[in-house]
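Written below as structure tokens is the structure these notes are about.
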Amino acid sequence: MLEKTFDPAAVEPRLYKKWEESGVFSPSDAKETFSIVIPPPNVTGSLHIGHALNNTLQDVLTRFERMRGKAALWLPGTDHAGIATQMVVERQLAALGTNVGRREMGREAFVAKVWEWKAESGGTIVKQLRRLGASCDWSRERFTLDDGLSAAVRKVFVTLHKQGLMYRDKRLVNWDPQFQTAISDLEVEQKEVDGHYWHFAYPLADGVTFDYPVKYEDGNDTTETRDYIVVATTRPETMLGDSGVAVHPDDERYKGLVGKFVILPITGRRIPIVADEYADPAKGSGAVKITPAHDFNDFQVGKRHDLEQINILDTQANLLAFDPVPAEYRGMERFAARKAIIARAEEEGWLKQVEKTKHMVPHGDRSGVVIEPFLTDQWYVNAGELAKEAIKAVEDGRTVFEPKNWEKTYFEWMRNIEPWCVSRQLWWGHRIPAWYAEDGYIFVAESEAEAHAQAEAHYGQKVALKQDEDVLDTWFSSALWPFSTMGWPDETSDLQRFYPTHTLITGFDIIFFWVARMMMMGLHFTGQAPFKRVFINALVRDDKGQKMSKSKGNVMDPLVLIDEFGADALRFTLTAMSGQGRDIKLAKPRIEGYRNFSTKLWNATRFTQMNECARVEGFDPSTAKLTLSRWIRGEVQKTLSSVTQALEACAFDDAASALYKFIWNVFCDWYLELAKPILNGDDEAAKAEIRAMTAWVLDQAMILLHPVMPFITEELWEKTGHTDMLITHSWPKFDAAAIDAEADEEINWLIDLISEIRSIRSEMNVPGSARAPLSLSGASDVTARRLNTHEDLILFLGRLSEVKVGEAAAGSVPFVAGEATAHLAIAEFIDLKAETARLAKGIADFDKTIEGVRRKLDNPAFVSKAPEEVIAENRERLEEAESGKARLAAALERLKAAS
């Protein structure tokens, strides 16, 4: 007999260890394969709720396909996470208080220290994934700095270079002054801050003046002759690097100035006025300063007009300690320089206006410091060329996105893709396989020996070479993940069997940075798209629909939730709420509700054991004779079909909904209730059939539920006498012939009748002890027979005094029962006037709510300003109120019939 309660804390670690040690996570020898590669979490990371959702869905699919008899591979691994890992180790060094940091240690010693940290502390998240129940093949676990993956990275770099698709160029990058490296757009966090527009007057050169139109509030417009042009900036310190001023070509105010020059204050440098559509006539003065070396937009303007690129900052974002920076500002910290320049502008009279503003400022997501656009020499991939085939692969359906609307996001980015900066000024990562001779000539090779051979062939003698100090962007190595993890460039058996992978499950936020790059690299180096389907999972928000963040204090730790509710409850919650196209509003009561669902299954299993519903070897459900048995057999088949189709389509919420409905409502609430009289009766043949059928149905329920709730189902499987492991059990085959239309119609008629009786009793506040009579008028012979056959059940479950075919008694509430009209006589058990007043008040309360919410939603000002989650919450309130009003209104109409 089962224990009274299921104890996840005791059961889950034991079962996971059993699975892992048995080797069931490794793919079988089956011919048909199914493979998924895990989006590799950072080696520094720990499991957060987004990971829990993403990996739960991957595990659901993997377990499902494994049970369907496929050689299912879920390949795990971690990313070396260049900046994040380097930061962790540097902080550890700083905490020692020895003043020995990365640069004091030197590259070799520091990298050794990072590997030491990785061995001791890295991969925490891998252990945590086991707690979630992730059935990854840990024997194939990979790390982006593994020898094999590192060899693949070098091969790809060298090949792209030979093909002219990898090159070195001087361009603007996002520069993190704290880490002193270029970072990707993904690592830049835009923050709204309070700032200022400082309006500076740049004197016109060569005695040039022009008439500038001035508008007054009283309408008396005029013009004034100016010998200067006004520009506005939020970053005054960058003016030292200005190399032009831009005005719109159609701006009549400045047409006569295009081609003229201004004298840049402080520096005295002459810079040209150019006509460019980037300048917005409606913004500020319509004239903008152009600093090509310190602004991405200005960089493009500078290229169009051949403006000088003047860098004024060092790698720590201090002003350079040499030309072109004027002597008094050399070496100055950037924000201190800003203050000094503003003060000088005010003192010398060329500060014309200070305008307060709120604007977006880029910050490093890990360092927290303001990011600078910075002009440096970096390595770039010609992403535009690689994107062409990756775009075609989605256009022609070789790879599909689900939901399909994400294809638009993919196309928009890919069709406007910029060169991909792949070099990083870090020490932890894949060092760039490029070596420099003293004259600057570059030799790109997969090994140092090969680079020296190239150099000797080039120079005719041996020369000294120095390897590039930079490492590759972590997105570069992870772009190769689907095929490098399977042994490429070697033709391994894994590569032949499991590549391309079938499904990728990931978040929308890395479509650009990972999905697109895997598509480009996979197609270019293997000729095949790396996956057939990309499923974009939802974002997990709090119960109010707000994004989770530590600053808001609304973060939910999945490990804490697992401790409190068990892994199965969390998994089912995330699966059930993961509908396509909507975010998940996660709240503890939801998880608690699904824990109650597992408790319901546990108690139902205890009930079956107490009633001797044991598995009968060789039992064939198709031989069942009882109507109830034939009905539940068909319900199993319907659920099997629904769950199978849903999981095949990644409609995880539909699968969960079908499972919940079948186990809670169909099996526990109805089948077991309807089976009780038989189990307690004297018909031994009927008892035997119901016992065997109940055990069989329970087995099917556990099989279908296993991918979503693996722990409790595996435990129940073992406790109900099975000797095999459920994780390895075959998925059932759908049998349409097992659905019995006649049994369906009869049992569903019975359920609908009892449900309607219970609903009326609840709506009308009929006391639980009251036994009301029920009569059916206009009943067919079939209905009369059913009424007679199931009379005892209807009396017991409906809490009735009698059931008969006949006309309605006085004080009856009518309702439809098939082709008949049923009449429940309740007038003698309730105060009709009081109930009428109660229902009317309830309807009035709903009307008040509906009116108030509609007034908000019909107000354009509210809809335009309110956060998205607030609008969604109000729409839900309106829907609930309208549904509640309709329910009470129907009850009121029934009550009037009984009066």
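Which pairs do you get when a residue that is in contact (Cβ under 8 Å) with a residue 24 or more places away in the chain and closer than 14 Å to Lys638 by Cβ, found in the stretch 741-757, comes within reach of a residue that is of a type in the set (Val, Ile, Thr) and part of a helix (DSSP H, G or I), reach meaning Cβ atoms under 8 angstrom, with the pair 6+ apart or on two chains? Close Cβ pairs satisfying both conditions: Ala743/Thr627; Ile747/Thr627.
Which residue is farthest from Pro814 (Cα to Cα), if the candidates are limited to the stretch 776-791 and must be surrounded by fewer than 21 Cβ atoms within 10 Å (Cβ to Cβ) and touching a strand residue (DSSP E or B) at 6+ places or on another chain (Cβ under 6 Å)? Applying the filter and picking the extreme gives Glu791. Would you call Thr144 under 28 Å from Ala387 (Cα atoms) and in contact with a Lys or Arg (Cβ under 6 Å, 6 or more places away or on another chain)? No; evaluated as a whole, the condition is false for this residue. When you scan the stretch 848-869, do you find a residue that is closer than 30 Å to Gly545 by Cβ, touching a residue at least 60 places away in the same chain (Cβ under 8 Å) and not in a loop (DSSP other than H, G, I, E, B), even just one? Within the stretch 848-869, one or more residues are closer than 30 Å to Gly545 by Cβ, touching a residue at least 60 places away in the same chain (Cβ under 8 Å) and not in a loop (DSSP other than H, G, I, E, B).
Does Glu684 count as out of contact with any helix residue (DSSP H, G or I) (no Cβ under 9 Å at 6 or more places or on another chain) and surrounded by fewer than 19 Cβ atoms within 10 Å (Cβ to Cβ)?
Numbers: out of contact with any helix residue (DSSP H, G or I) (no Cβ under 9 Å at 6 or more places or on another chain): yes; surrounded by fewer than 19 Cβ atoms within 10 Å (Cβ to Cβ): yes.
Here the answer is yes, as Glu684 does meet what is asked.
Going residue by residue through the stretch 389-408, is there one that turns out to be under 30 Å from Arg334 (Cβ atoms) and either buried (at least 17 other Cβ atoms within 10 Å of the Cβ) or modelled with pLDDT under 95 (or both)? Scanning the stretch 389-408, I find no residue that is under 30 Å from Arg334 (Cβ atoms) and either buried (at least 17 other Cβ atoms within 10 Å of the Cβ) or modelled with pLDDT under 95 (or both), so the answer is no.
Looking only at the stretch 329-346, decide whether some residue is part of a loop (DSSP other than H, G, I, E, B) and hydroxyl-bearing (Ser, Thr, Tyr). No, the stretch 329-346 has no match at all. Taking the criterion of being outside any helix (DSSP H, G or I) and out of contact with any Phe, Trp or Tyr (no Cβ under 9 Å at 6 or more places or on another chain), the residues of the stretch 625-671 that qualify are Lys625, Leu626, Ala649, Ala651.
Looking across the stretch 724-767, just one residue is among the basic types (Lys, Arg) and buried (at least 18 other Cβ atoms within 10 Å of the Cβ), and that is Arg761.
Got a sec? Which of Leu186, Leu129 is of a type outside the set (Lys, Arg) and in contact with a Cys (Cβ under 8 Å, 6 or more places away or on another chain)?
Being of a type outside the set (Lys, Arg) and in contact with a Cys (Cβ under 8 Å, 6 or more places away or on another chain) holds for just one of Leu186, Leu129, which is Leu129.
Scan the stretch 484-507 residue by residue and report those that are outside any loop (DSSP other than H, G, I, E, B) and either touching a residue at least 60 places away in the same chain (Cβ under 8 Å) or under 23 Å from the mean Cα position of the chain (by Cα) (or both). Listed by number, the residues that qualify are Ser484, Asp494, Arg497, Phe498, Thr501, His502, Thr503, Leu504, Ile505, Thr506, Gly507. Met556 falls short on exactly one of the conditions (1) farther than 23 Å from Leu61 by Cα; (2) out of contact with any strand residue (DSSP E or B) (no Cβ under 9 Å at 6 or more places or on another chain); (3) aliphatic (A, V, I, L, M), and that condition is (2).
For the stretch 772-789, indicate whether the set of residues that are closer than 28 Å to Tyr671 by Cβ, among the basic types (Lys, Arg) and in a loop (DSSP other than H, G, I, E, B) is non-empty. No, there is no match, as no residue in the stretch 772-789 is closer than 28 Å to Tyr671 by Cβ, among the basic types (Lys, Arg) and in a loop (DSSP other than H, G, I, E, B). Do the conditions hold for Ser657, that is, is it among the hydroxyl-bearing types (Ser, Thr, Tyr), within 17 Å of Ala576 (Cβ to Cβ) and at pLDDT 95 or above? Judged against the criteria, Ser657 is a match. Candidates in the stretch 817-835 are the residues that are within 51 Å of the chain's Cα centre (by Cα) and without any contact (Cβ under 8 Å) to a residue 60 or more places away in the chain; of these, the one that is surrounded by the most Cβ atoms within 10 Å (Cβ to Cβ) is Ala820. Under the condition of being surrounded by 21 or more Cβ atoms within 10 Å (Cβ to Cβ) and out of contact with any Gly (no Cβ under 8 Å at 6 or more places or on another chain), which residue from the stretch 240-256 is farthest from Leu307 (Cα to Cα)? The selected residue is Leu240. The strands (runs of 3 or more DSSP E) falling completely within the stretch 159-239 that include 2 or more residues that are exposed (fewer than 15 other Cβ atoms within 10 Å of the Cβ) map to 166-176, 188-203, 210-214, 222-226. Only a single criterion out of (1) modelled with pLDDT under 85; (2) touching a strand residue (DSSP E or B) at 6+ places or on another chain (Cβ under 9 Å) is not satisfied by Phe531, namely (1). Given the condition assigned to a helix (DSSP H, G or I) and farther than 27 Å from Glu65 by Cβ, answer yes or no: does some residue in the stretch 733-741 qualify? Scanning the stretch 733-741, I find at least one residue that is assigned to a helix (DSSP H, G or I) and farther than 27 Å from Glu65 by Cβ, so the answer is yes. In the condition set (1) touching a residue at least 24 places away in the same chain (Cβ under 8 Å); (2) in a helix (DSSP H, G or I), Leu795 is compliant with all but (1).
It is to be established whether one or more residues within the stretch 456-471 are buried (at least 23 other Cβ atoms within 10 Å of the Cβ), touching a helix residue (DSSP H, G or I) at 6+ places or on another chain (Cβ under 9 Å) and under 30 Å from Tyr441 (Cβ atoms). Looking through the stretch 456-471, at least one residue is buried (at least 23 other Cβ atoms within 10 Å of the Cβ), touching a helix residue (DSSP H, G or I) at 6+ places or on another chain (Cβ under 9 Å) and under 30 Å from Tyr441 (Cβ atoms). Residues in the stretch 508-527 that are modelled with pLDDT of 95 or more and either surrounded by 20 or more Cβ atoms within 10 Å (Cβ to Cβ) or part of a helix (DSSP H, G or I) (or both): Val515, Ala516, Arg517, Met518, Met519, Met520, Met521, Gly522, Leu523, His524, Phe525, Thr526. If you go through the stretch 393-419, how many residues are in a loop (DSSP other than H, G, I, E, B) and β-branched (Val, Ile, Thr)? Total satisfying the criteria: 2.
Restricting Leu73, Leu2, Leu53 to residues that are surrounded by fewer than 23 Cβ atoms within 10 Å (Cβ to Cβ) and either at pLDDT 95 or above or of a type outside the set (S, T, N, Q) (or both) narrows the list to Leu2.
Each row is one residue, and each column tells you yes or no for (1) basic (Lys, Arg); (2) over 23 Å from Leu386 (Cα atoms).
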{"residue": "Pro419", "(1), (2)": "no, no"}
{"residue": "Arg431", "(1), (2)": "yes, no"}
{"residue": "Gly440", "(1), (2)": "no, yes"}
{"residue": "Ala449", "(1), (2)": "no, yes"}
{"residue": "Ala464", "(1), (2)": "no, yes"}
{"residue": "Leu495", "(1), (2)": "no, no"}
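If you scan the stretch 687-723, which residues turn out to be free of Cβ contacts under 8 Å to residues at least 40 places away in the same chain, surrounded by fewer than 21 Cβ atoms within 10 Å (Cβ to Cβ) and part of a helix (DSSP H, G or I)? Of everything in the stretch 687-723, those that are free of Cβ contacts under 8 Å to residues at least 40 places away in the same chain, surrounded by fewer than 21 Cβ atoms within 10 Å (Cβ to Cβ) and part of a helix (DSSP H, G or I) turn out to be Lys687, Ala688, Glu718.
Taken over the stretch 506-523, the criterion of being among the small types (Gly, Ala, Ser) and more than 11 Å from Trp475 (Cβ to Cβ) is satisfied by Gly507, Gly522.
The values are calculated or read from the model by the stated rules, or taken from the named source; none is laboratory data. Please read these numbers as outputs of a predicted model, since none were measured by experiment. No Cβ is skipped: glycine too gets one built from the backbone with ideal geometry, and neighbour counts run over all protein chains shown.
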